[in-house]
Amino acid sequence: MTRRELLVLSGAGLISPRPSRGSGPQNLSYPLSGIDGTITPQDLFFVRDHFSPPRLSLETWQLSVEGRVSRPRKFSFSDVLELPARQVESVLECSGNAAGGSAASNGKWEGVPISFLLEKAGIGRDAAFVELEGADTGRLLAQSPPLPFAQVVPVEKCLDASSLLAYKLNGLFLPPRNGFPARALFPGWYGMTSVKWLRRIVVLSEEDRGSAFHQSGMNRVYNRVIETPEGRKTIPLTSVQVKSAIAWPYEGMNLPAGNHAVWGFSWTGTGEIRDVSVSVDGGRSWNAAKLDSPGGPYRWVRWTFAWNAAPGEYTLMSRAADSMGHQQPLTRDKSRKDVYELNWCLPLRCTVR
Amino acid sequence: MNSTGAYRCAALCVEILALSAGLLAADCPPSTLGREETVRRLQQLDQAAQTSMRQGRYPEAMRAYREQSCLAPDSSGVFYALGTAEAASGDFLSARKSFAAADRLEPSNSLPLAMLVRVNLSIGDIDSVKAALWDAAGRFPRDSNFHGAMARFLIQNKQYDLALAESLRAREAGSPDDSARMELAVLENTAGAYDDAIRNASALAQKTGLPDSLRASAAGVAGLSYEGAGQRDAAIAHLRDAIRLDPSRENSYLALAFILEKTQRFREAAEVLEQGRRHLPDSTAILLPLGSDLVGAEQVQAGIGVLNEFIRKSPEEPKAYLELADAYRKAGDPRQEAKTLQDLAQRKPEYPRIHRLIASALFNLTPPDYPAVLAELDRADQTAPDDPDALYLRGKVFLATHRDAEAETALRRSIEKRPMDPGPYYQLARLYQKLGKKDLAQDTLARMQSLKNLPAK
């Protein structure tokens, strides 16, 4: 038995380096090139906080389910662990992730379907939306009062069997910075709806307003804003747009001439990735990349393009298409006036000598 | 009620009094016995079943209990006993039905639920285990003994998540005893609930009157939780406390050394393990990290001695051979390095890349044994063809033995396989220089230079 095995047996299996919990909100992402295979390791999972991460105790944490339900109730962490669990492999992407950016991660999640919690609480027939509230609190906008981070999600999405109250990521309990002890997970939707450190679910009717969601001003952010001849249209963000990112090579790299494996990941919120193309000439011509991992709803695929590079200057781009007929745009839609869904094909320059 | 026997007797009496002929199970033949005969028959069956159980004749016990269950179909105790006999004979599916019947008949008793948890786990039906635990949580929320016992059972069966759930329920239901609190701290640490684990474990570590061994375990768990929470100094302090409180606890030395090693404090790690070795002279587990840390602390000869001692005691551990080979390399003894790796190859012929490692060691001999290197690389090719490291080494051998064309092929293939490794470019540039191909040499060196300016992965 090795020392490491002994440490695992004594409960020290999780003592891999973890960053200290700082007091302020964190904004962390890591190069995609650090990922072996398709699963983002816990310590390379991106983090986007709005407020300071709370320090929660398993012994006192509770999730309250209330609002338009016939049996409001509180679930302890023991309750959550003893309810039927489901596993989902899913990408989580920050809605403000830059084109080609790495604020996206793919993990194996485990948790209790949110639908199960809503059924246990006796979800009302008039349920239309669900407000999800985290334990992290702060002032979202300068003029708004300090309130918990909150999101409102249509009840249909919550009742989808893959929408989870997740408590595990890649077989281990959630790290504090990713929502320990439990968070919402809405596969296929942008990350902000997957509320971390979840502590309250409020079922709303069509007429109800999510209190923290509206009072904090959250209803005014995370919207698609489109300039139209009739004026600006505002639509809440939901499904992840089809996207790809080149993990290797990096921007500005000097490469030796010869064979190189250009590789990266592609994902979409609807359907699954159907194909990925790579251009080395700034989008004038495209070559099919080889998909190295199986496709499927919510997960990303890893792809490779075998590039025999002769000396010269190159502009690399990748472009994905999904089974629902969506293809990555080559440029940003000029009518968009917001900073979300940045899924155009990012040009990446490198020199071969 | 804790004892199965007591439970059974009491339950049987209750059921006999409540006996109702109209509630016979569907697969029971209709009874022709009168009330008194029924009672007598039940007693006979009970005695016979108990005797069979004591003697390990479970099928006979099952037959007797089944007949009893027909005569007393609303007896929770009979179904409980039947379930026990069925479980003892390995018929878990039938046992599950029997325990479920017992639970339906007497919902105020937690024993059938506890047995449902056990048989469902034996079947491997985790969802049903969860369902039984959930049910128990609703019906027996304040029964800390039940939840504590479930937690211990689940720990024994490596169901750590559910053990955590039950351990938390036990804590919520009442003040846990010290060992239950210790179990909870360990489970919380494993779950990453470091603040909880630190609170529980530190309280035990500081509790006067507890045996030092328990306080040492608690200090150890607190140390590991501090490490998990990123508070390394507190982690080290607590693990040192654990060693002070109970110097015979091997894990404390191993954990502390591991943490010190992570920050390259090899000398301190080695000192901790040496201290452990003095207290635990028969410990084998200490030897491997000790040898490795001594080498890391540049006490290479001492490390070699310890690693050799470990291999004598645990010759099947491949990591020890690799550590020892590394130590010999650091000591400038490639012959012993190669021999150590050859010993590993003999014990574990399938060990990944072992022949390439041997080849590297043989290449470093003075003078290098080129034919032996190439022979090992041929062996390496059989399991990992086109390994860029093997191609690179082959290129170096060919370059040294003036087989220039073969050297160029091998080095170019190595570059093709791993274009970002500067090593083969350097060797290839040397080859071109030797062949008088100055432009190619310069170009190859320039490519190697450009690799040095790349960001780290």
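For the range B:252-388, the residue among B:Tyr351, B:Ala380, B:Val295 whose Cα projects farthest onto the positive side of the dipole built from Cβ charges is B:Val295. 3J(HN,Hα) couplings calculated from phi for the range B:296-307 with the Karplus curve 6.51 cos²θ - 1.76 cosθ + 1.60 (θ = phi - 60°) are, in sequence order, x, 8, 6, 9, 5, 5, 4, x, 4, x, 5, 5 Hz; Gly and Pro show x. Annotation: lysines with alpha-carbon distance below 29 angstrom to B:Lys207 (same-chain offsets under eight excluded): B:Lys158.
What do you get for Rg/Rh over the range A:160-211 if you use C-alpha atoms and the Kirkwood form of Rh? Radius of gyration over Kirkwood radius for the range A:160-211 works out to 1.02. Charge dipole (Cα centre; +1 on Lys/Arg Cβ, -1 on Asp/Glu Cβ; no other charges) of the protein assembly as shown amounts to roughly 1400 debye. Size descriptor for chain A, Kirkwood hydrodynamic radius: 21.6 Å (Cα pairs only, one decimal). For the range B:344-437, GluC sites (Glu not before Pro) are listed when DSSP marks them as loop and at most 10 other Cβ atoms sit within 10 Å of their Cβ; the list is B:Glu350. For the range A:215-273, averaging the sequence separation of C-alpha pairs within contact (under 8 Å, six or more residues apart) and dividing by the residue count gives a relative contact order of 29 percent. Summing Cβ point charges (Lys, Arg +1; Asp, Glu -1) relative to the Cα centre of the range B:331-424 gives a dipole of roughly 120 debye. Applying the Karplus relation 6.51 cos²θ - 1.76 cosθ + 1.60 with θ = phi - 60° to the range B:395-405 yields 3J(HN,Hα) values of x, 5, 5, 4, 4, 5, 9, 6, 9, 4, 5 Hz, where x marks Gly and Pro.
Mean sequence separation of contacting Cα pairs (under 8 Å, at least six apart), scaled by the length of the range B:270-311, corresponds to a relative contact order of 35 percent.
Temperature 25 °C, viscosity 0.890 mPa s: under these conditions the Stokes-Einstein estimate for the range A:205-296, based on its Kirkwood radius over C-alpha pairs, is 139 µm² per second. Computed over the alpha carbons of the range B:58-151, Rg followed by Dmax gives 12.9, 38 Å. With the charge dipole of chain B set up from +1 on Lys and Arg Cβ and -1 on Asp and Glu Cβ about the Cα centre, the Cα lying farthest toward the positive end among the listed residues B:Pro422, B:Tyr432, B:Pro318 is that of B:Tyr432.
Annotation: amide H-H contacts under 5 Å for A:His260 (H modelled 1.01 Å from N, sequence separation of 5 or more, or interchain): A:Trp307, A:Asn308, A:Ala309.
For chain A, a crude dipole built from +1 on the beta carbon of Lys and Arg and -1 on the beta carbon of Asp and Glu, taken about the Cα centre, is about 500 debye to the nearest 20. For the range B:162-245, count all C-alpha to C-alpha pairs, find those more than 19 Å apart, and express that count as a whole percent of the total. Of all Cα-Cα pairs in the range B:162-245, 30 percent lie more than 19 Å apart.
Checking the Cα-Cα distances for B:Lys348/B:Lys396; A:Lys243/A:Lys290; B:Lys262/B:Lys339 against a 18 Å cut-off, the pairs over it are B:Lys348/B:Lys396; B:Lys262/B:Lys339. Mean residue ellipticity at 222 nm, helices only, the protein assembly as shown: -14500 deg cm²/dmol; runs of at least 4 DSSP H residues each add -39,500 (n - 2.57), and the sum is divided by the number of residues. Of the residues A:Met317, A:Ile235, A:Thr270, the one whose Cα sits farthest towards the positive end of the charge dipole of the range A:213-353 is A:Ile235 (charges of +1 on Lys and Arg Cβ, -1 on Asp and Glu Cβ, taken about the Cα centre). Each Cα pair under 8 Å and six or more residues apart adds its separation to the average, and for chain B the resulting relative contact order is 5 percent. Across all Cα atoms of the range A:255-335, the radius of gyration (one decimal) and Dmax (whole number) stand at 13.7, 42 Å. Within the straight-line cut-off of under 17 Å between alpha carbons, the aspartates and glutamates reachable from B:Lys319 are A:Glu5, B:Glu261, B:Asp293, B:Glu309, B:Glu337, B:Asp343, B:Glu350, sequence neighbours fewer than 8 places apart in one chain being disregarded. When the convex hull of its Cα atoms is viewed from all sides, the range A:36-151 shows a mean projected area of 9.9 nm². In plain terms, the C-alpha convex hull of the protein assembly as shown casts an average shadow of 44.5 nm² when viewed from every direction.
Quick query: amide H of A:Met253 versus all other amide H atoms, modeled in the peptide plane; which residues come in under 5 Å with a sequence gap of 5 or more or a different chain? Those lying under 5 Å, H to H, from A:Met253 are A:Thr351. Convex hull volume per residue, computed on the Cα atoms of chain B, equals 219 Å³.
With the highest mean first, a sort of the peptides B:360-371, B:183-194 on other beta-carbon atoms found within 10 angstrom per residue produces B:183-194, B:360-371. Of the residues A:His260, B:His147, B:His355, the one with the fewest other Cβ atoms within 10 Å heads the list, and the complete ranking is A:His260, B:His355, B:His147.
The alpha-carbon positions of the range B:125-210 define a convex hull whose volume is 86 Å³ per residue.
Exposure proxy for A:Ser57, A:Ser162: other Cβ atoms within 10 Å of each Cβ, ordered fewest to most, give A:Ser57, A:Ser162. Rounded to whole numbers, the Karplus 3J(HN,Hα) couplings from phi for the range B:310-319 are 4, 5, 4, 8, 10, x, 9, 8, x, 4 Hz, using 6.51 cos²θ - 1.76 cosθ + 1.60 with θ = phi - 60°, and x at Gly and Pro. Under 5 Å from the amide H of A:Ala128 lie the amide H atoms of A:Leu204, A:Ser205, A:Glu206, each residue being 5 or more positions distant or on a separate chain, with H modelled from the backbone and absent for Pro and chain starts.
Read-outs throughout are calculated quantities, based only on the coordinates presented, and are distinct from any laboratory measurement. All values derive from a computational prediction rather than experimental measurement. For neighbour counting, all protein chains shown are included, and Cβ atoms are generated from backbone atoms with ideal geometry for every residue, glycine included.
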